[in-house]
Amino acid sequence: MSSTALGLRAPRRLTSRRSGRIAVRVVLYLVVLGIFVVPLWSMVSTAVSGGAPQLGQVFLWPHGLSGFNFSTAWRFGMGRGLLNSVVVELIGLTLQITVSAFAAYALARKRFRGASLVLLAILATMMMPEEIIAIPLYLVLGKISLLDNFGGLALPLVGWALPIYVLTGFMKRIPVELEEAARVDGAGDLRIFFRVILPLSLPALGTCAVFGFLMIWDQYLLPLLVAQSPKMNTLTLIVTSLQASQEQGEGVRLAAAVVLMVPSVLVYLGLQRLFERGLLSGSLKG
């Protein structure tokens, strides 16, 4: 590569080696496009299509635009399921982030005996499949009258180890001098937590919010255990019942899947900057 008198770089020649790298890159892009984009595109195209696909068939291009599939899925109970999922999401995610932030602050900034054992015990819960605790959880929720209500759908989701672990690691890297300076000014623990620790932990909170939203939104086993009547069915249960129904066509099933997918995409796009900052800060400051 040569430079001109003005210091500008001249265009590189297309050598065989460089053209080979470009070809490999194009092939990789096409593979990624085929794996991720094409299935999503075919799902949306079939959902908005006016034509009726056969069993197991999808359209790569809509056969006329129509909202029939969405209206049919809505009459099947998706409206009530969507409302229930939103309520459970708001309650569960709010409590999950709040409890995780307080627990992480205690584990990261307070010195007490057994702190490492407590964190280890919390992390150990991530190694246990939820199917193992399904029956004990069902019995406990029945004993305290939390079946077939929003309390039973949301409260078991509050104690999740991942946000506690992420926030604990992030808060440990916040300089202690900031907390000491706040204490000199007369600030207590709660004021330090809300005025110093939480604002600096926004990237980690954004990351935990994205993961927490997806975890709660995609819950299937817990609603299956708790929901005893159709009025408490969440969106995942409605979509699953549509997938198992032989009366509904592929267009209706994929329309329900699109409705289930859209909120996750919107939340990720809305919190994308905080999510990426949280991941980068975790990788650069470790």
**Message:** Quick test of your reading of the structure: L107 fulfils all but one of (1) free of Cβ contacts under 8 Å to residues at least 24 places away in the same chain; (2) in a helix (DSSP H, G or I). Name the failing condition by number.
**Reply:** (1)
**Request:** Show the residue pairs that are 6+ apart or on different chains and have beta-carbon atoms under 9 Å apart, the first residue being within region 223-240 and without any contact (Cβ under 8 Å) to a residue 60 or more places away in the chain and over 12 Å from L83 (Cα atoms), the second being hydroxyl-bearing (S, T, Y) and not in a helix (DSSP H, G or I).
**Result:** T240/Y220
**Request:** Given the conditions (1) surrounded by 14 or more Cβ atoms within 10 Å (Cβ to Cβ); (2) outside any helix (DSSP H, G or I), report the number of the one that V88 does not fulfil.
**Result:** (2)
**Complete:** Within region 106-146, residues within 28 Å of L200 (Cβ to Cβ) and touching a Leu at 6+ places or on another chain (Cβ under 8 Å) come out as L107, A108, A115, V118, L119, M126
**Asked** How many residues does region 43-57 hold that are at pLDDT 75 or above and either in a loop (DSSP other than H, G, I, E, B) or more than 18 Å from A256 (Cβ to Cβ) (or both)?
**Response** 1
**Request:** Quickly run through region 94-121 and pick out the residues that are touching a Ser or Thr at 6+ places or on another chain (Cβ under 9 Å) and either aromatic (F, W, Y) or farther than 26 Å from E179 by Cα (or both).
**Result:** Y105
**Prompt:** Quick check: anything in region 174-187 surrounded by 13 or more Cβ atoms within 10 Å (Cβ to Cβ) and under 24 Å from P223 (Cα atoms)?
**Reply:** no
**Item:** Cβ pairs under 6 Å, 6+ apart, first in region 130-148 and at pLDDT 90 or above, second of a type outside the set (A, V, I, L, M, F, W, C) and in a loop (DSSP other than H, G, I, E, B)
**Value:** L147/Q228; D148/Q228; D148/S229
**Message:** Going by what's in this entry, would A227 be described as touching a helix residue (DSSP H, G or I) at 6+ places or on another chain (Cβ under 9 Å) and buried (at least 21 other Cβ atoms within 10 Å of the Cβ)?
**Reply:** no
**Fill in**
By residue number, the members of region 230-268 that are at pLDDT 90 or above and assigned to a loop (DSSP other than H, G, I, E, B) are N233, T234
**Asked** Exactly one of (1) touching a residue at least 60 places away in the same chain (Cβ under 8 Å); (2) buried (at least 17 other Cβ atoms within 10 Å of the Cβ); (3) out of contact with any strand residue (DSSP E or B) (no Cβ under 8 Å at 6 or more places or on another chain) is unmet by N69. Its number?
**Response** (3)
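The values are calculated or read from the model by the stated rules, or taken from the named source; none is laboratory data. Everything numeric here is computed off the predicted structure, so don't read it as measured data. Note that we place each Cβ from the backbone using ideal geometry, even for glycine, and neighbour counts take in every protein chain shown.
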